[in-house]
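One structure below.
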Amino acid sequence: MTLVIILGFIFGILVGSLFTVTLGLSLAVALLAVICFMYRYYVATEHQRVLTLTSIFILCALCGMGRIFISSIYSYSELSEFENQNIVAEGVVVTEPDVRESRTQLTIRIDSVAVASNTVSFSENILVSVPLYPEFSYGDKVSVNTTLHIPKDIDSGDGRIFDYKNYLRVRGIWYVGERAKVIYVESGFGNPVKKVLFTIKKTFTESISRAIPPPESSLLSGLLIGSKQSLGKDLLEKFSQTGVSHIVVLSGYNIAIVAESIMAILVFLPAATSFFVGCASIILFTILSGGGASGVRAAIMVLVALYARRSNREYVVSRAFGFAVVLMLALSPALLVFDPSFQLSVLATIGIVFVSPIITPYFSRTIHLCAFKLNPFSKTISRFLKNKALGEIISSTVATQLTVLPFLIYNTGTLSLVSLPVNILILGTIPLTMLLGFITGIFGLFSVYLSFVPGIFAYVLLRYQLAVVDSASRVPFGYVHLPAFSFVMVFGLYLLIFIGLYFIQKRKS
């Protein structure tokens, strides 16, 4: 029943995102639900449950369609009258500045626009690109002189088109400002909690950079708080080619490590205090990291796990996952179709939660067989292969690749052939790297010399990870770039994968 409700709601959002929701369509769907429910009284008893579930599915789909209809995708911009025109406006920087290699992107909430001799009030976000200097901060009030344009779709040059307009609209942005001139007016207009968190984040990253040089410090910032822009385009491309881009964003893996660390620190507190402090810490950490889709999804699942532990209830990861997805889509339904990071996060979690348990026994037997065969020649390698953590990394990596790869290739065209060995070599070192990096940043707040002690060990691990990525990216034919193809092929690939998994599961049972 729960699965039917979740799938129906998601299907309704999907339909509403791809097709225009009208009153006629909504009435037709509602009528279909009523027909299915009433028809159950005229069929055999064994078929009544199917019709009941079908009618529930359709009603939930109708709710999903209604939710997407009142979302930002169907809304209109108040600034549309100024489209393709130059405006002089005042506003506030409402997100953390997105610092790139040569430019900084600012999301500014326009509060007022000067029209002739009058000032017209507004409340809408625009995205502008400005030079790296002068620097701006969250909560700064600024004066903006720019020309408003509808965001253009991004053409990758190989036939792939990224729907940038709707990607920004998910974030409440209808227009981008070109040739923007932004002048600082005053500060102190943002949410005070966010202001403090972003200040802490900036101070913490500066503390790390004083003890560890780039690009290692940039990688550490990506591991700890999801700041990956300063890694540079070339290095990010290498991470993509080797299939480890997920480690430099705040993924579920990173969130889980942070959550476990927080709860370990709070273990000496009373249970109730530990629960509330732990939940608050995870929420604040997610906000500090920028609140990306993968981080929010992971944080919700962790909070559900903490609640289950607190209330002595069984934690079912599949239910927590479904709850996280439905909650995120209920708050922002446009994520489903127009946010690739949400889509990849959901697919990766499906791989870990549902696919990994199916393939793990096969990998475990294969790994132990290899360990047995190699034991006479090298006991060290044999013991390494018998390590339980190695088996978990291999099975979870393969499971994630199975569910993510078709969609990832559809979007980027890059197929990494070295992803599995690179993930095996790197993932096991991530928790210790994050721990040492966190200690380095904390010590650096008090003394740069004190931070050198853990910083040296963190640097060695970071240097090793970058060396693995760099070496793997140089492997001949380590990755291939595939031409653009239809989404029908993506659907076909997923169909083949899940049919194969079905027969594996059936054979195992």
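Points worth noting:
- Gain upon complete extension [Ser80, Asn145; 0.36 nm per residue less C-alpha separation]: 21.7 nm
- Residue exposure sequence - Tyr449, Tyr479 - by fewest surrounding Cβ within 10 Å: Tyr449, Tyr479
- Secondary-structure-derived ellipticity at 222 nm for the chain, considering helices only, amounts to -20000 deg cm²/dmol, per-run term -39500 (n - 2.57) for DSSP H runs with n ≥ 4.
- Here the average projected area of the convex hull drawn through the C-alpha atoms of region 393-509 stands at 10.2 nm².
- Percent breakdown of C-alpha pair distances by 20 Å bin, ordered from the shortest bin, for the chain: 18, 52, 27, 3, 0
- Shown here are the Rg and Dmax of the Cα trace of region 78-190, at 14.1, 48 Å.
- Computed over every Cα-Cα pair of region 245-328 and binned at 10 Å starting from 0, the pair-distance distribution P(r) comes out as 18, 51, 28, 3 percent.
- Taking a straight Cα-Cα cut-off under 13 Å and skipping sequence neighbours fewer than 8 places away in the same chain, the aspartates and glutamates within cross-link reach of Lys195 are Glu96, Asp140.
- Normalised by 2.2 N^0.38 Å, with N the number of residues, the alpha-carbon radius of gyration of region 2-70 equals 1.14.
- Neighbourhood charge, 15 Å Cβ-Cβ cut-off, centred on Thr146 and excluding it, Lys, Arg +1 and Asp, Glu -1: -1
- Ranking of Phe268, Phe82 by neighbouring Cβ atoms within 10 Å, starting from the fewest: Phe268, Phe82.
- When the alpha carbon gyration tensor of region 155-238 is reduced to an equivalent ellipsoid, the three semi-axes, largest first, read 27, 24, 13 Å.
- Qualifying trypsin sites (Lys or Arg not before Pro) in region 86-183, where qualification requires a DSSP coil assignment and no more than 11 other C-beta atoms within 10 Å, comprise Lys152.
- Among Ile56, Ile265, Ile10, Ile183, sorting on how many other beta-carbon atoms sit within 10 Å of each Cβ, with the fewest leading, yields Ile183, Ile265, Ile56, Ile10.
- Of Lys152/Lys194; Lys152/Lys202; Lys181/Lys238; Lys181/Lys202, those spanning more than 28 Å from alpha-carbon to alpha-carbon: Lys152/Lys194; Lys152/Lys202; Lys181/Lys238
Quick note: the coordinates plus some simple rules give every number you see, no bench work behind them. The structure displayed is predicted, hence computed values, not measured ones. Cβ sites come from the backbone with ideal geometry, for glycine too, and all protein chains shown count toward neighbours.
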